[in-house]
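Report on the structure given below.
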Amino acid sequence: MVKSAVRVGLLYTALAFYAPGVMADGSPGPDAHTCVPQPSPAGARDVPANAKEPVFPDDQYPVKLPAMSLLGAPNNAPNPFDAGADFGKLPPGRVWGSTASVTAAPDGTIWVMDRCGHAGVGGSACDGDSAGIDPIFQFDTSGKLLKHFGAGLFQGPHKMEVDKAGNVWVADNVGNQVFKLDPDGKVLMTLGKKGVAGTGNDEFDAPTDIAFGANGDFFVSDGHTGGGADFGNARIMKFDKNGKFLLSWGRKGTGPGEFDVPHALAIDKEGRVYVGDRQNNRIQVFDQNGKFLRQWFQFGRPSGVFIDKNDMIYVSDSESHDGRSNTGRGTVGAFGYGFNPGIARGIRIGSVKDGKVKYLIPDPCPWPYKNSDYSYEGVTADAQGNVYGGDVGGENVMKYTRK
């Protein structure tokens, strides 16, 4: 424990030295609250590398966005929330890395998982020199830290969920495993084969999220690998409460019941399963046996999906872009990763009862200003309706309170 604490302190002292804005006593990482423009192709960059502000006027992208994206996501929905505040007071010397997941537990607490203090959006962030750093934190809604644990368990934690008994579940998409932990971090169940990607019923290939049925059955979205390509798993797996495999559905594709990076899961009060089918820019809805019910494009490109007890759905779009750079020059082709033309990134909020988007919390650093094209990947809400966003690229967690 002493060696781990020293290592954490040294790591973040170094980060603070290279990034003067880092808080010495925790919370936002060095890239929080910055909007560094994306680099254009070689020889085409007209923006200084140290630019911190948008290059063209507000509300242009570099042209003004339409009221609705080409796939039907509204850009003009009202925003009834404040400007947001940093959330989660971390231990001294610790700042947020890539905050991959944030979720509200049944007891009202807020759980956040980062990639062991590391920036970036993937890779083996929690092993090697980071094996002694806790990635899981529990807070009250004021941001007071209640507990933290998880050091040495994961390679690349992706999303975390809390079941009705308070157990913490983690999908490790680098280690190809799913973990069930008790509320204090004791391992209760492990599924998958560490470091082995496979298609078997006891294997995963980059699992992404977990959701729970009312009877204890649980679902795993399996398939972060190969977005936009023809390889990698693309399925939803169903297990009973003891981890026995029951069934699976899905394959690579764009049709109903097919997936390309099934990235997030949620279940509503009626037991319907909502899949954030990210590379296909949609949410698909199924019954618990995999029967396709509907698909929605109006919530944007889903990185995170949360459904509260009132069946309000919260969807974070962290990746959408339309292929143009901040100087108007093209950066990716029309079929490139993340292509979703004419859409504003952010958190869209609506109802599962009618599928209508009611609100939009805009991304504070919309494409292409972010130094990475990833922002709120994790999203949740507390019982008072406050919204929390885990900024996977900006190393921060934000809390939005109703005005």
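If you scan segment 165-187, which residues turn out to be over 21 Å from the mean Cα position of the chain (by Cα) and over 18 Å from Asp134 (Cβ atoms)? Walk me through how you get there before you give the answer.
Step one: filter segment 165-187 for residues over 21 Å from the mean Cα position of the chain (by Cα), giving 165, 182-187.
Result: Ala165, single match.
Of the conditions (1) assigned to a loop (DSSP other than H, G, I, E, B); (2) modelled with pLDDT of 50 or more, Thr103 satisfies every one except a single condition; which number is it?
Status for Thr103: all satisfied but (1).
Considering only segment 110-144, state which residues are surrounded by fewer than 16 Cβ atoms within 10 Å (Cβ to Cβ) and modelled with pLDDT of 95 or more.
Asp140, Ser142, Lys144
Among residues belonging to segment 136-158 that are under 20 Å from the mean Cα position of the chain (by Cα) and among the small types (Gly, Ala, Ser), point out the one that is nearest to Ile110 (Cα to Cα).
Top of the filtered list is Gly143.
Search segment 354-393 for residues being under 18 Å from Glu319 (Cβ atoms) and among the charged types (D, E, K, R), and hand back the single one that is modelled with the lowest pLDDT.
Asp373
Restricting attention to segment 259-270, report how many residues are over 21 Å from the mean Cα position of the chain (by Cα) and surrounded by 14 or more Cβ atoms within 10 Å (Cβ to Cβ).
0
State whether the residues of segment 296-307 include one that is more than 23 Å from Pro74 (Cα to Cα), of a type outside the set (Val, Ile, Thr) and in a loop (DSSP other than H, G, I, E, B). Give the derivation first.
Our first condition is that a residue be more than 23 Å from Pro74 (Cα to Cα); within segment 296-307, this holds for none.
No: zero hits.
Restricting attention to segment 62-105, report how many residues are surrounded by fewer than 24 Cβ atoms within 10 Å (Cβ to Cβ) and aromatic (Phe, Trp, Tyr).
Qualifying residue count, segment 62-105: 1.
If you check Ile236, Ile210, which single one turns out to be in contact with a Pro (Cβ under 8 Å, 6 or more places away or on another chain), closer than 20 Å to Tyr274 by Cα, surrounded by 14 or more Cβ atoms within 10 Å (Cβ to Cβ) and β-branched (Val, Ile, Thr)?
Working: Ile210 fails: in contact with a Pro (Cβ under 8 Å, 6 or more places away or on another chain).
Just one listed residue meets the conditions, Ile236.
With the structure loaded, tell me whether Gly227 is surrounded by fewer than 22 Cβ atoms within 10 Å (Cβ to Cβ), modelled with pLDDT under 95 and either more than 23 Å from Thr380 (Cβ to Cβ) or in contact with a Phe, Trp or Tyr (Cβ under 9 Å, 6 or more places away or on another chain) (or both) or whether it fails that test. Don't jump to the end; show me each part of the working.
On the way: surrounded by fewer than 22 Cβ atoms within 10 Å (Cβ to Cβ): yes; modelled with pLDDT under 95: yes; either more than 23 Å from Thr380 (Cβ to Cβ) or in contact with a Phe, Trp or Tyr (Cβ under 9 Å, 6 or more places away or on another chain) (or both): yes.
Spelling it out, Gly227 is indeed surrounded by fewer than 22 Cβ atoms within 10 Å (Cβ to Cβ), modelled with pLDDT under 95 and either more than 23 Å from Thr380 (Cβ to Cβ) or in contact with a Phe, Trp or Tyr (Cβ under 9 Å, 6 or more places away or on another chain) (or both).
Might you check whether a residue that is among the aliphatic types (A, V, I, L, M), touching a Lys or Arg at 6+ places or on another chain (Cβ under 8 Å) and either in contact (Cβ under 8 Å) with a residue 24 or more places away in the chain or under 26 Å from Asn215 (Cβ atoms) (or both) occurs anywhere in segment 271-279? Spell out how you get there, then give the answer.
Within segment 271-279, the subset among the aliphatic types (A, V, I, L, M) is 273, 275.
Of the ones still in play, those that are also touching a Lys or Arg at 6+ places or on another chain (Cβ under 8 Å) are none.
Scanning segment 271-279 turns up no residue that is among the aliphatic types (A, V, I, L, M), touching a Lys or Arg at 6+ places or on another chain (Cβ under 8 Å) and either in contact (Cβ under 8 Å) with a residue 24 or more places away in the chain or under 26 Å from Asn215 (Cβ atoms) (or both).
Regarding Ser248, is this residue polar (S, T, N, Q), surrounded by 24 or more Cβ atoms within 10 Å (Cβ to Cβ) and touching a strand residue (DSSP E or B) at 6+ places or on another chain (Cβ under 9 Å)?
On the way: polar (S, T, N, Q): yes; surrounded by 24 or more Cβ atoms within 10 Å (Cβ to Cβ): no; touching a strand residue (DSSP E or B) at 6+ places or on another chain (Cβ under 9 Å): yes.
It is false that Ser248 is polar (S, T, N, Q), surrounded by 24 or more Cβ atoms within 10 Å (Cβ to Cβ) and touching a strand residue (DSSP E or B) at 6+ places or on another chain (Cβ under 9 Å).
Taking segment 194-239 as the search range and keeping residues that are of a type in the set (A, V, I, L, M) and not in a strand (DSSP E or B), which one is farthest from Ile307 (Cα to Cα)?
The residue in question is Val196.
The values are calculated or read from the model by the stated rules, or taken from the named source; none is laboratory data. Fair warning: this is a prediction, and the values are worked out from it, not measured in the lab. All Cβ positions, glycine included, derive from the backbone under ideal geometry; neighbour counts span all protein chains shown.
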